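The values are calculated or read from the model by the stated rules, or taken from the named source; none is laboratory data. The shown structure was predicted, so the numbers you read here are calculated from the model rather than taken from an experiment. When we count neighbours, we look across all protein chains shown, and the Cβ atoms used for this are built from the backbone with ideal geometry, even at glycine. Only protein heavy atoms, including side chains, enter the accessible area calculation; ligands, DNA and RNA are left aside. Shrake-Rupley method; radii C 1.70, N 1.55, O 1.52, S 1.80 Å.
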Amino acid sequence: MIDPTVRISLALDANKGAYAVLLGSGVSAAAGIPTGWQIVSDLVAKVARLEGADVGGDPISWYKGRYGEEPDYSGLLNAIASSPTERSLLLRSYFEPTDDERRNGLKVPTAAHWTMAQLALSGHVHLFLTTNFDWLLGRRR
């Protein structure tokens, strides 16, 4: 049986530009970027702290009990930050590295990001679709 990595490598090479890449939160999570759900959980915990509540290690359950619904990324952001600028500033720390994080290799492009860049530079892939909110895929060295 031919190794799947060899098979896809041959297919990419023989069909330059015919494939698109779909990247999910896993590629960014490996760089230390939290997933959307992790951000929701953290924001809920911050809301609870500001309300003087103890989430008991489960911010999502606290939110459901307090507000009668499961938190939703968009809904939560709209409830706590009313303008695009406020939302951007609120979320910045989740996606942009501090100097210390950068020194520790966090929130910076990983080998996977650089590999995707090489696929684009070589013309093997022209289209990248991502569900991520970070800019790691488009970052230059």
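Okay, residues lined up against (1) modelled with pLDDT of 95 or more; (2) touching a strand residue (DSSP E or B) at 6+ places or on another chain (Cβ under 8 Å); (3) under 18 Å from residue 33 (Cα atoms):
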site: 99; (1), (2), (3): yes, no, yes
site: 119; (1), (2), (3): no, yes, no
site: 133; (1), (2), (3): no, no, yes
site: 140; (1), (2), (3): no, no, yes
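Which of the following residues is at positive phi and not aromatic (Phe, Trp, Tyr): 75, 56? Quick ask: steps written out before the conclusion?
Working: 75 fails: at positive phi.
Criteria check complete, one pass: 56.
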Scope region 49-82; condition touching a Leu at 6+ places or on another chain (Cβ under 7 Å) and without any contact (Cβ under 8 Å) to a residue 12 or more places away in the chain; matching residues
81
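Here are 10, 22, 43, 50: which of them is of a type outside the set (D, E, K, R), open to solvent by 80 Å² or more (accessible area, probe 1.4 Å) and within 19 Å of the chain's Cα centre (by Cα)? Talk me through it step by step, then tell me what you get.
Working: 10 fails: within 19 Å of the chain's Cα centre (by Cα); 43 fails: open to solvent by 80 Å² or more (accessible area, probe 1.4 Å); 50 fails: within 19 Å of the chain's Cα centre (by Cα).
Every option except 22 fails the conditions.
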Residue within region 87-96 that is loosely packed, with under 13 Cβ neighbours inside 10 Å, charged (D, E, K, R) and not in a loop (DSSP other than H, G, I, E, B) present
yes
Given (1) assigned to a loop (DSSP other than H, G, I, E, B); (2) open to solvent by less than 60 Å² (accessible area, probe 1.4 Å); (3) modelled with pLDDT under 95, identify the lone condition not met by residue 112.
(1)
What number goes with the only condition from (1) assigned to a helix (DSSP H, G or I); (2) open to solvent by 80 Å² or more (accessible area, probe 1.4 Å); (3) farther than 22 Å from residue 45 by Cα that residue 127 does not pass?
(1)
Consider residue 102 carefully, then state whether it is open to solvent by 60 Å² or more (accessible area, probe 1.4 Å), in a helix (DSSP H, G or I) and free of Cβ contacts under 8 Å to residues at least 60 places away in the same chain.
yes
Scanning region 1-48 residue by residue, those assigned to a helix (DSSP H, G or I), farther than 19 Å from residue 78 by Cβ, without any contact (Cβ under 8 Å) to a residue 40 or more places away in the chain and among the small types (Gly, Ala, Ser) turn out to be 9, 11, 14, 26, 29
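Is it true that residue 4 is surrounded by 14 or more Cβ atoms within 10 Å (Cβ to Cβ), over 27 Å from residue 105 (Cα atoms) and not acidic (Asp, Glu)?
Numbers: surrounded by 14 or more Cβ atoms within 10 Å (Cβ to Cβ): no; over 27 Å from residue 105 (Cα atoms): yes; not acidic (Asp, Glu): yes.
Considered against the rule, which asks whether it is surrounded by 14 or more Cβ atoms within 10 Å (Cβ to Cβ), over 27 Å from residue 105 (Cα atoms) and not acidic (Asp, Glu), residue 4 comes out as no.
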When you check residue 72 against the structure, is it open to solvent by 50 Å² or more (accessible area, probe 1.4 Å), within 23 Å of the chain's Cα centre (by Cα) and not hydroxyl-bearing (Ser, Thr, Tyr), yes or no?
yes
